[in-house]
Amino acid sequence: MKKITRSILGTVLFSTSLWVSAANVETFQAYTRPAVSLNGEWKTLIDPYDNGYYNYRYEPFDQMASPPRSAYFMDAKPRHPGELIEYDFDAAKTLAVPSDWNTQDDALFYYEGTIWYRKQFNAPKVEGKQRTFIHFGAANYRADVYLNGEKLGHHIGGFTPFYFEVTGKLKPQNNSLVVRVNNERHREAVPTVNTDWWNYGGITRSVRLIVTPGVFVRDYKIQLDDYQTGAISGYALVDGAGAGQEVRLSMPQLDLDLRAKTDANGVAQFQTQVSGIQYWSPGSPKMYQLSLRTGTDRLDDEVGLRTIATQGKQLLLNGKPLFLRGISLHEEYAVHGGGRVKSAEEARHQLQWAQSLGANFVRLAHYPHNEHIVRLADQLGIMLWSEIPVYWTIDWESEETYQNAETQLSEMIGRDKNRAAIIIWSLANETPVSDARNTFLTRLADQARALDSTRLISAAMEKHYEADNPEMAVVEDPLADLVDIVAFNQYIGWYDGLHEKADRVNWRIPYDKPVFISEFGAGAKQGRRGDSNTLWTEDYQAELYRKTLAMLDRIDGFVGTSPWILADFRSPRRMLPGIQDTFNRKGLLSETGVKKAAFDVLKDYYRQRARHPAQPASTEVETGEQSQ
Ligand code: GCB
């Protein structure tokens with residue numbers, strides 16, 4: 001096998017805007033770094049009036065030159081019997097991290113407000129110039145973080161990681177890490193006040209202490225630019241380095257060993273061409289070991305190499321046409337007690353459910369999911385759509401809201417840009433067309449493309465009907481001009497007539513782009529049987545799937561779908577007693593994984609589509625040929 005291995009030093013592969021826009025979101029590739037876990041039980045104080053944050057004049061303690069000991073983040077104890085301190089972490093109850101608080105205590109099920117978390121820990125052993133970081137996988141929605149009574153900073157956005165450097169700030173023993181987590185909803189926030197999912201609060205993902213050398217590889221990107229030539233490029237971002245620091249990229253299974261030097265921003269660029277690459281695909285999810293070394297640091301990871309592109313109405317993976325046998329998923333797992341997914345095992349179980357349906361694609365709705373699931377999808381060969389919670393009625397006019405959305409987008413792309421499984425970044429879900437919304441989403445699309453040119457961009461849009469023809473559905477939205485895939489949600493047979501309507505509707509989608517149906521579905525209570533015209537029965541849902549799939553097969557350029565949704569999930573909008581009882585019932589599985597009849601309808605359809613990806617299932621010819 002002949003391999004061409006060369007390194008081009010100093011080549012400008014990306015416009016400088018990449019570094020400018022990446023700079024305000026400092027990505028730390030933390031998942032594969034050895035770390036001390038701060039997970040487990042944390043002492044917690046429930047603080048509905050934010051008493052530990054504001055004084056009685058409603059002035060925030062953490063903006064005072066010397067905060068009083070009554071501020072909860074001071075983690076104080078009375079120094080003498082006469083000192084009044086009206087909180088005590090030591091005497092408080094605990095909550096588990098990572099987890100939402102709602103499912104840990106019935107009293108917190110509907111709670112929206114502040115809870116203070118405290119963890120005490122000893123400093124990890126450090127030598128010489130080593131540095132220490134505290135890394136959070138996610139906390140919903142706002143986290144204010146304090147170490148030994150001093151504010152480290154805050155983070156906004158419930159589903160993306162953040163970190164703080166604490167080098168030189170740790171005591172050998174009994175460090176007090178206090179986090180104020182607040183999940184109140186706000187009109188101008190992202191998401192805004194109104195969604196169709198549970199507003200789980202808490203430190204929902206892992207907290208880790210990471211020790212690195214003084215100079216270390218904080219971030220990197222490796223991408224396959226061209227499957228025909230095997231062109232690969234990328235960069236490593238070396239934290240603590242100025243210009244001229246050597247970085248070595250090795251991928252032993254490809255005989256690849258490159259060296260490059262950092263520029264003044266600490267960025268070393270790589271570019272090469274490799275033959276004999278086994279491309280990543282669902283049928284063959286080949287992963288390559290990779291290491292990045294600089295000075296005393298070494299970052300190990302593994303990556304899949306693949307390209308994803310569109311050509312006219314086709315979707316191409318490594319140049320081959322592709323049909324996305326998808327399903328939508330919330331980051332919720334109700335088998336053990338419910339709430340947010342807490343571990344790689346739970347994430348794996350979700351993907352196994354998707355695989356048992358015959359899916360090769362999962363839409364991670366409606367916010368960035370945990371890193372476990374993205375990495376497992378790489379291993380298992382499941383393609384992903386990942387999105388940010390720009391959902392429904394965001395405050396399009398607000399620059400602050402835009403910056404918030406852009407930060408969440410950048411943090412999502414920052415974390416997952418090396419995951420082959422992700423083929424689509426989605427910007428928004430069911431957003432109402434207006435000039436302000438179009439401007440907002442155009443800016444987001446530009447940012448997504450500046451950060452990552454190797455994936456497709458989409459957004460879940462909506463349909464309407466032609467004014468003089470109520471059976472001609474149309475997808476026309478200025479956003480469709482911006483995206484690579486025209487995706488839309490449609491609920492013919494649920495919010496729009498009954499399922500028989502799907503037999504009559506035809507579609508006009510005037511774009512030379514692939515068409516993806518990002519949602520359809522109907523509510524059904526598992527175990528509720530009846531005739532197929534009665535809402536909430538498994539039978540109605542199954543019939544809706546049959547009729548909808550036949551309708552979608554009539555759409556020109558139809559490249560896949562992610563029906564709504566794999567499993568029932570909690571939503572405060574779904575209170576119908578005896579049927580919903582706080583669950584959105586559009587799952588193909590109950591919340592605990594019991595199949596409804598529609599599961600097998602979709603499974604059969606996907607079995608046929610797996611044999612003939614490019615062919616409507618209704619016109620199947622038996623050949624037994626398999627595809628990815
Ligand atoms: C939608 C939304 C999704 C909802 C779903 C429903 O269009 O995108 O978040 O949960 O409909 O069940 O109504």
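The values are calculated or read from the model by the stated rules, or taken from the named source; none is laboratory data. Values in this document were obtained by computation on a predicted structure and should not be read as measured data. Neighbour counts run over all protein chains shown; Cβ positions are idealised from the backbone, glycine included. These area figures cover heavy atoms from the full protein model, side chains too; ligands, DNA and RNA do not enter into them. Shrake-Rupley method; radii C 1.70, N 1.55, O 1.52, S 1.80 Å.
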Out of the residues in segment 25-63 that are of a type in the set (D, E, K, R) and open to solvent by less than 50 Å² (accessible area, probe 1.4 Å), which is nearest to Gln130 (Cα to Cα)? Arg33
Considering only segment 343-375, state which residues are away from the ligand (no atom under 16 Å from the Cβ) and under 22 Å from Ala139 (Cβ atoms). Ser343, Ala344, Glu345, Glu346, Ala347, Gln350, Asn370, Glu371, His372, Ile373, Val374, Arg375
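Could you tell me whether Gly214 is on the phi > 0 side of the Ramachandran plot and surrounded by fewer than 19 Cβ atoms within 10 Å (Cβ to Cβ)? Explain how you work it out, then say what you get.
Numbers: on the phi > 0 side of the Ramachandran plot: no; surrounded by fewer than 19 Cβ atoms within 10 Å (Cβ to Cβ): yes.
Considered against the rule, which asks whether it is on the phi > 0 side of the Ramachandran plot and surrounded by fewer than 19 Cβ atoms within 10 Å (Cβ to Cβ), Gly214 comes out as no.
Kindly indicate whether Ala502 is modelled with pLDDT of 95 or more, more than 30 Å from His372 (Cα to Cα) and open to solvent by less than 20 Å² (accessible area, probe 1.4 Å).
Working: modelled with pLDDT of 95 or more: yes; more than 30 Å from His372 (Cα to Cα): yes; open to solvent by less than 20 Å² (accessible area, probe 1.4 Å): yes.
Against the criterion (modelled with pLDDT of 95 or more, more than 30 Å from His372 (Cα to Cα) and open to solvent by less than 20 Å² (accessible area, probe 1.4 Å)), Ala502 qualifies.
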Condition first: farther than 19 Å from Trp42 by Cα, open to solvent by less than 10 Å² (accessible area, probe 1.4 Å) and either in contact (Cβ under 8 Å) with a residue 24 or more places away in the chain or within 21 Å of the chain's Cα centre (by Cα) (or both). Can you find one or more residues in segment 113-123 that meet it? no
Kindly provide the set of residues from segment 308-337 that are β-branched (Val, Ile, Thr) and under 20 Å from the mean Cα position of the chain (by Cα), ordered by number. Ile308, Ile327
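Could you tell me which of the residues Ile413, Ile492, Ile485, Ile424 is farther than 25 Å from Lys586 by Cα and surrounded by 21 or more Cβ atoms within 10 Å (Cβ to Cβ)? Talk me through it step by step, then tell me what you get.
Working: Ile492 fails: farther than 25 Å from Lys586 by Cα; Ile485 fails: farther than 25 Å from Lys586 by Cα; Ile424 fails: farther than 25 Å from Lys586 by Cα.
Just one listed residue meets the conditions, Ile413.
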Can you tell me which residues in segment 255-282 are part of a loop (DSSP other than H, G, I, E, B), open to solvent by less than 60 Å² (accessible area, probe 1.4 Å) and out of contact with any helix residue (DSSP H, G or I) (no Cβ under 6 Å at 6 or more places or on another chain)? Thr262, Asp263, Gly266, Ser275, Gly276, Ile277, Tyr279, Trp280, Pro282
Could you tell me which of the residues Pro572, Pro563 is under 22 Å from Leu364 (Cα atoms) and open to solvent by 50 Å² or more (accessible area, probe 1.4 Å)? Pro572
Residue by residue through segment 516-534, note down the ones that are touching a helix residue (DSSP H, G or I) at 6+ places or on another chain (Cβ under 9 Å) and under 22 Å from Ile308 (Cα atoms). Ile517
Is there any pair linking a residue in segment 65-86 that is within 18 Å of Arg118 (Cα to Cα) to one that is open to solvent by 50 Å² or more (accessible area, probe 1.4 Å), with Cβ under 6 Å and at least six apart or on different chains, and which? Ala76/Arg69; Ile85/Pro78
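Being open to solvent by less than 10 Å² (accessible area, probe 1.4 Å) and either part of a helix (DSSP H, G or I) or within 14 Å of Leu427 (Cα to Cα) (or both) is the filter here, so list the residues in segment 373-383 that pass it. Let's see the steps before the verdict.
Taking segment 373-383 as the starting set, the residues that turn out to be open to solvent by less than 10 Å² (accessible area, probe 1.4 Å) are 373-374, 377-378, 381-383.
Scanning segment 373-383 gives Ile373, Val374, Ala377, Asp378.
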For segment 427-448, name all the residues that are farther than 11 Å from Val483 by Cα, β-branched (Val, Ile, Thr) and more than 16 Å from the ligand (Cβ to nearest atom). Thr439
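Looking only at segment 384-395, how many residues end up being more than 17 Å from Ser426 (Cβ to Cβ) and of a type outside the set (Ser, Thr, Tyr)?
To start, the set of residues in segment 384-395 that are more than 17 Å from Ser426 (Cβ to Cβ) comprises 393, 395.
Subsequent filtering for residues that are of a type outside the set (Ser, Thr, Tyr) retains 395.
Residues in segment 384-395 being more than 17 Å from Ser426 (Cβ to Cβ) and of a type outside the set (Ser, Thr, Tyr): 1 in total.
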Going through Ala487, Ala450, Ala405 one at a time, which residue ends up being modelled with pLDDT of 95 or more and part of a strand (DSSP E or B)? Ala487
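Report whether or not Arg208 is basic (Lys, Arg), surrounded by fewer than 17 Cβ atoms within 10 Å (Cβ to Cβ) and part of a strand (DSSP E or B).
Values: basic (Lys, Arg): yes; surrounded by fewer than 17 Cβ atoms within 10 Å (Cβ to Cβ): no; part of a strand (DSSP E or B): yes.
No: the conditions fail for Arg208.
Being open to solvent by less than 30 Å² (accessible area, probe 1.4 Å), touching a Ser or Thr at 6+ places or on another chain (Cβ under 8 Å) and over 18 Å from Phe136 (Cβ atoms) is the requirement here; does Ala71 meet it? Talk me through it step by step, then tell me what you get.
Working: open to solvent by less than 30 Å² (accessible area, probe 1.4 Å): yes; touching a Ser or Thr at 6+ places or on another chain (Cβ under 8 Å): no; over 18 Å from Phe136 (Cβ atoms): yes.
In short, no.
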Condition first: within 16 Å of the ligand (Cβ to nearest atom) and either farther than 28 Å from Leu456 by Cβ or open to solvent by 10 Å² or more (accessible area, probe 1.4 Å) (or both). Now tell me which residues in segment 527-552 satisfy that. Leu535, Trp536, Tyr540, Gln541, Leu544
For Pro470, are the conditions met, namely being under 20 Å from Ser562 (Cβ atoms) and more than 16 Å from the ligand (Cβ to nearest atom)? no
Within the group Arg455, Arg415, Arg449, which residue is touching an Asp or Glu at 6+ places or on another chain (Cβ under 8 Å) and closer than 30 Å to Ile232 by Cβ? Arg415
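Could you count how many residues in segment 556-575 are β-branched (Val, Ile, Thr) and more than 19 Å from the chain's Cα centre (by Cα)?
At the first step, the residues of segment 556-575 found to be β-branched (Val, Ile, Thr) are 559, 561, 565.
Narrowing the set further to residues that are more than 19 Å from the chain's Cα centre (by Cα) leaves 559.
Number satisfying all stated conditions: 1.
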Filter segment 487-525 down to the residues that are touching a residue at least 60 places away in the same chain (Cβ under 8 Å) and away from the ligand (no atom under 16 Å from the Cβ), then identify the one that is farthest from the chain's Cα centre (by Cα). Asp512
Counting only residues that are more than 16 Å from the ligand (Cβ to nearest atom) and not in a loop (DSSP other than H, G, I, E, B), which one in segment 553-590 is farthest from Gln350 (Cα to Cα)? Phe558
Which of the numbered conditions does Ile422 fail, given that it passes all the others? Conditions: (1) within 16 Å of the ligand (Cβ to nearest atom); (2) within 18 Å of Ser284 (Cα to Cα). (1)
Counted residues in segment 598-619 being under 23 Å from Thr537 (Cβ atoms) and either open to solvent by 30 Å² or more (accessible area, probe 1.4 Å) or free of Cβ contacts under 8 Å to residues at least 24 places away in the same chain (or both) come to 3
Near pairs, Cβ below 6 angstrom, 6+ apart or cross-chain, from segment 172-198 (without any contact (Cβ under 8 Å) to a residue 60 or more places away in the chain) to any residue that is in a loop (DSSP other than H, G, I, E, B) and within 16 Å of the ligand (Cβ to nearest atom): Val193/Arg185
